[in-house]
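Here the structure comes first, spelled out in structure tokens, and everything after it is commentary.
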Amino acid sequence: MAETYISLYRRAANDGVPMGIFMSVMAAALIYADRLPWLVVVVMAMLLMLPCMLYYFQRKMFVAEYGFTEYSGLWMLGILIMICASLITGLVTWAIFQFVRPGYFYEMAQRGIAFYNAAGDPQSRETAAMLTRVVSGNMLPRPIEMVFSAFWLWSFVGSLLSAVVALVVKKVPLGQQLDHRAE
């Protein structure tokens, strides 16, 4: 039975959805790590799994194209997956900041002020005073600003990560993976 060709862009969109869900869970865990500190361990584990997931998606395309996929195609796939995933993550993160935890940045600033005031040294007191001025001047970041910053960060990091993972995908020989496709 002949297999239908799936374009790079279709693959990226399809694979970007599970990656976006994964990254959204990671972002939510990070947002709530101040209330449940053990979530930091979850976030770190998920960060370590991110290259593995990218490898899986890039490798799936490499095998589907019988090893003829160019490095640049694998790299572009990874970039596009991360961009699609970042869009989903951005929407979820924005919704959390906007509706579930609208006072998140204020809470973090207040914790920072308390922490630096408790430290007692002159530099810490100056940092607390600066944070107090930020809060009183209503200069805390807005949720959409943080979401866009995170989007660009993840897109850039995803581009670099995709480049490295694509190298690994190209170096691992196909071997038995093609034998299983024939069955």
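Read the figures in this text as sums done on the coordinates, not as results from a lab. Only a predicted model underlies this, so the values are computations on that prediction, with no experimental measurement involved. Heads up, the Cβs are rebuilt from the backbone with ideal geometry, glycines too, and the neighbour counts pull from every protein chain shown.
Helical runs (DSSP H, four residues minimum) scored at -39500 (n - 2.57) apiece and divided by the length of the chain put the mean residue ellipticity at 222 nm at -27000 deg cm²/dmol.
What is the magnitude of the charge dipole of region 1-92 about its Cα centre, with +1 placed on the Cβ of each Lys and Arg, -1 on the Cβ of each Asp and Glu, and no other charges, expressed in debye to the nearest 20? Provide the component values of the computation, followed by the final result.
Values: 5 positive and 5 negative charges, 25 e Å.
Charge dipole, region 1-92, about its Cα centre: 120 debye, nearest 20.
For region 1-75 and region 92-159, what is the centre-to-centre distance using only Cα atoms, to the nearest Å? After rounding, the separation between the Cα centres reads 28 Å. Applying the Karplus relation 6.51 cos²θ - 1.76 cosθ + 1.60 with θ = phi - 60° to region 155-166 yields 3J(HN,Hα) values of 5, 5, 4, x, 5, 5, 4, 4, 4, 5, 5, 4 Hz, where x marks Gly and Pro.
Packing here is the average count of other Cβ atoms within 10 Å per residue, and on that basis the peptides 50-56, 133-139, 81-87, highest first, run 81-87, 50-56, 133-139.
Relative to the longest principal Cα axis of the chain, at what angle does helix 122-136 sit, 0 to 90 degrees, rounded to 10? The helix 122-136 is inclined about 80 degrees to the chain.
Dividing the mean sequence gap of close Cα pairs (under 8 Å, 6+ apart) by how many residues region 99-183 holds gives a relative contact order of 20 percent.
Angle of helix 71-95 to the longest C-alpha principal axis of the chain, folded into 0 to 90 degrees and rounded to 10: 40°. The computed Cα Rg over 2.2 N^0.38 Å for the structure shown corresponds, within (i) 1.33; (ii) 1.14; (iii) 1.20, to (i). Which of the listed residues, Thr127, Tyr55, Val100, is farthest toward the dipole's positive end in the chain, when Lys, Arg count +1 and Asp, Glu count -1 at the beta-carbon? Towards the positive end, the residue furthest out is Thr127. Positive end of the dipole of region 1-114 (Cβ unit charges, origin at the Cα centre): among Ile6, Ser24, Gly112, the Cα lying farthest that way belongs to Gly112.
For the chain, what does the relative contact order come out to in percent, with C-alpha contacts under 8 Å and a separation of six or more? Once divided by the residue count of the chain, the mean separation gives 31 percent.
How large is the dipole of region 64-183 about the Cα centre if only Lys and Arg carry +1 and Asp and Glu carry -1, each at its Cβ, rounded to the nearest 20 debye? Walk me through the numbers before you get to the answer.
Details: 8 positive and 8 negative charges, 66 e Å.
I would put it at about 320 debye.
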